[in-house]
Amino acid sequence: MGSGASSLERPAIANEPELKDLVGKATESLSDDQLFKLVRQMNWHKRSGLCTREGELSEVCSGLIKLCSDVKTTKVPTKRFGRTEIQMPIVTCGGMRLQQTWMPDNLPISPKKINATCQNNLVECVRMSLSLGINHFETARFYGTSELQFVDAISSMIASGEIKREDVIIQTKVTPAATNEEFRKTFELSWRHMSKLGYIDLFSFHGASTDVTFKRIFKDEEALTDGNYEVALELQREGKIKWIGFSTHGTPKPIKRIIKTEKFDYVNLHYHYFGSYHASYYEDGEGGFGNKANVELANSLDMGVFIISPFDKGGALYRPTEIVAQCCNPLSPMTFQSLFLWNEGAHTISIGIAKPSDFDEVVHAAGLYGDPEYETLTLPKVNLAKDNLDATMSAAVGEDWLREFWRGVPSMLEEESAGIAVCHILWLWGLVKAFGMVTFAQERYKSLEGASKKWSDKKALKDYEAAVVAGWAFNPGRAFEPSVSEWSPILGSCTIKGKVVEAMEEAHSWLKSSKKPSPALSDPDLNCEEAYSLVTWESFPGDSVTVGGVVLQNVSGGLVGAGGGKSPKHRKQSQELRGFFSPDGKMAEEVKGQGV
């Protein structure tokens, strides 16, 4: 342990003899990450005052300890993945948060050698995933060195006899291109890696979100031929891919258009309790909004349904706000989100894995879902959490608002909208107003601000197809524009235009980049306090990535720029944390510093 003052505050639960004893006895079986997360969650439970019965805190603590141990024995259930007939684990290992770099692996300054620490972490995650029954690995050409690293790990395990090729389900994605030649050329960059595995189980058109990408996939829009889809069919006949799907970050109507072609075996899309990301609050053409109708349509056509980023883009639930955590209790927000989505028709939900402990919460949820007594023991808790969250939103914004504000508002892809992502902005406003999600909303608003910088009112929306709208396949729409004097044309047939403009103005004042910290954090009418964080160390591509940082990382051979991984500070604090719960540990009294 060493001597001297700790850089950590003494956890509140370490002052409770019974809790200290429970955690102390479990420390040998817990990883450093699990211990951090356990203590942070227990500190919140103690602080929240939700545990009122005698011994209830100890019961919660024992439950969290059991959650960590269950990961060693739980097998994630499977569902039939639509017409593919694949028995898909209901949890997917997503590959966007554990690669070494975002730099494409085919450029001159791309890394010539993968960092051993980074690759060892990935291999550990793959082995952990397989031990849990999670044999679906999802990556993309767009994810820097992710494809390369996953294939190297899995192909080595196959070559050694540790696993067989048929034991794993591999998915990768390629962005639609302006020409079929360009699309095939990009695919070949993926195949350079994937060929080591013999075939790709699930191949996706990446970011099929707009009419621009639709035209690239099907150049003859009526016959649904001649575009990139023809190349995919050729690849299928060549045996390089088995099933064809698409991933999307778009608004509901373009997504529905692609689903209704009935050309695809599955879809990757955003649909979460807290919204459908860029589809949030946009009309779906069925009298509702968001992607709920698209999930139902895909299921009716026997397509596989894969939910993208339920814990990050779906509300940053690994660092829930006080309000969200209280509404979901006794379930954690991540457990609630998981169970809600499986109930809603999702076949699999993706975890953006950065480290082995990232599996814990979701695998626990999968165990509950697979329990024969799920409907009697757990489903009532899911329904209660949803009722609490619904009531909180209604109280914050009003039922009339929820019923009316989104009607008649055009998407950012229509000429009259001037590219402004009205409903996306209103979604973020509602999340702050009801649930205090200001940090999450600020991070999402940045993408709209980025699009605003590329905008010029001198051009019509259609003139942006090549340069901007085509690039909106991943983050469509621009931010609120204060200089707009006449909102009536932009808001279409919306019946409460004045209230909508006021809400957008307020959201902009809370979320714009020049306002750090956000004024919402000090608003007495809002509770933006974070309950706890399950983030323990920075993921390998870096949590705050910039283009300049990625370039610097690769030019310097990884010495500077975007990075990640366990730091000496994390290791030191892990030792200190264990010391707080050791029977004979002598730690300094509480001092100022970074808490847990």
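Remarks
- Which of 289, 183 is most accessible, then next, and so on - probe 1.4 Å: 289, 183
- For residue 413, the accessible surface of its heavy atoms amounts to roughly 50 Å² (probe 1.4 Å, protein chains only, rounded to the nearest 10).
- Selection from 200, 161, 187, by position along the positive dipole direction of segment 160-225 (Cβ): 161
- Global form of segment 1-125, assessed from the alpha-carbon gyration tensor, a/c cut-off 1.5: oblate
- Dipole magnitude of segment 280-422 about its Cα centre (Cβ charges: Lys, Arg +1; Asp, Glu -1), debye to nearest 20: 420 debye
- The GluC sites (Glu not before Pro) found in segment 27-99 that occupy coil by DSSP, while having at most 16 further C-beta atoms within 10 Å, are 54, 85.
- Within the full protein context, the accessible area of residue 157 is estimated at about 10 Å² for a probe radius of 1.4 Å.
- Measuring nothing but alpha carbons in segment 140-256 and taking Rh as the Kirkwood radius, the Rg to Rh ratio lands at 1.01.
- Accessible surface ranking for 199, 374, 1.4 angstrom probe, highest first: 199, 374.
- Once the mean of 1/r is taken over each pair of separate Cα atoms and inverted, the chain shows a Kirkwood hydrodynamic radius of 25.2 Å.
- Cα centre as origin, Lys/Arg/Asp/Glu Cβ charges: the chain dipole, Debye: 1460 debye
- Exposure ranking of 307, 86 by accessible area [1.4 Å probe, largest first]: 86, 307
- Residue 309 long-range amide H proximity, modeled H, under 5 Å: 350
- By definition, a body whose alpha carbon gyration tensor gives a ≥ b ≥ c is oblate when a/c is 1.5 or more and a/b is not larger than b/c, and segment 170-211 fits this oblate description.
- The solvent-accessible area of residue 260, taken with every protein chain present and a 1.4 Å probe, is close to 130 Å².
- Reachable lysines from residue 66, criterion Cα separation under 22 angstrom, eight or more residues apart if same chain: 20, 25, 37, 46, 75, 355, 381
- When segment 266-399 is described by a simple charge dipole with +1 on each Lys and Arg Cβ and -1 on each Asp and Glu Cβ, the residue from 323, 353, 363 located farthest towards its positive end is 353.
- In summary, the aspartates and glutamates within cross-link reach of residue 497, defined as a Cα separation below 12 angstrom excluding same-chain residues under 8 places away, comprise 404, 486.
- Calculated [222 nm] ellipticity per residue, helices only, for the chain: -13000 deg cm²/dmol; basis is -39500 (n - 2.57) per DSSP H run with n ≥ 4, divided by all residues, nearest 500.
- At a probe radius of 1.4 angstrom, the accessible area of the chain per residue rounds to 41 square angstrom.
- Across segment 270-428, counting alpha-carbon atoms alone, Rg and Dmax equal 16.4, 52 Å.
- The loop-placed GluC sites (Glu not before Pro) in segment 242-293, going by DSSP, that have at most 12 neighbouring Cβ atoms within 10 Å of their Cβ come out as 262.
- Top positive-direction residue, dipole computed over the chain with Cβ charges, set 396, 333, 448: 448
- Loop sites in segment 191-240: GluC sites (Glu not before Pro), DSSP, at most 10 other Cβ within 10 Å: 222, 238
- Charged side chains reduced to their Cβ positions (Lys and Arg at +1, Asp and Glu at -1) give segment 1-159 a dipole of some 340 debye around its Cα centre.
- Classification of segment 70-127 by its C-alpha gyration tensor yields an oblate form. The axis ratio a/c (a ≥ b ≥ c) is 1.5 or more, and b/c is at least a/b.
- For segment 150-196: Kirkwood Rh in Å [reciprocal of mean 1/r, alpha carbons]: 12.1 Å
The values are calculated or read from the model by the stated rules, or taken from the named source; none is laboratory data. The shown structure was predicted, so the numbers you read here are calculated from the model rather than taken from an experiment. A quick note on method: Cβ atoms are made from the backbone with ideal geometry, for glycine too, and the neighbour counts reach across all protein chains shown. Each accessible area value is taken on the protein alone, full model and side chains, heavy atoms only, with ligands, DNA and RNA left out. Shrake-Rupley method; radii C 1.70, N 1.55, O 1.52, S 1.80 Å.
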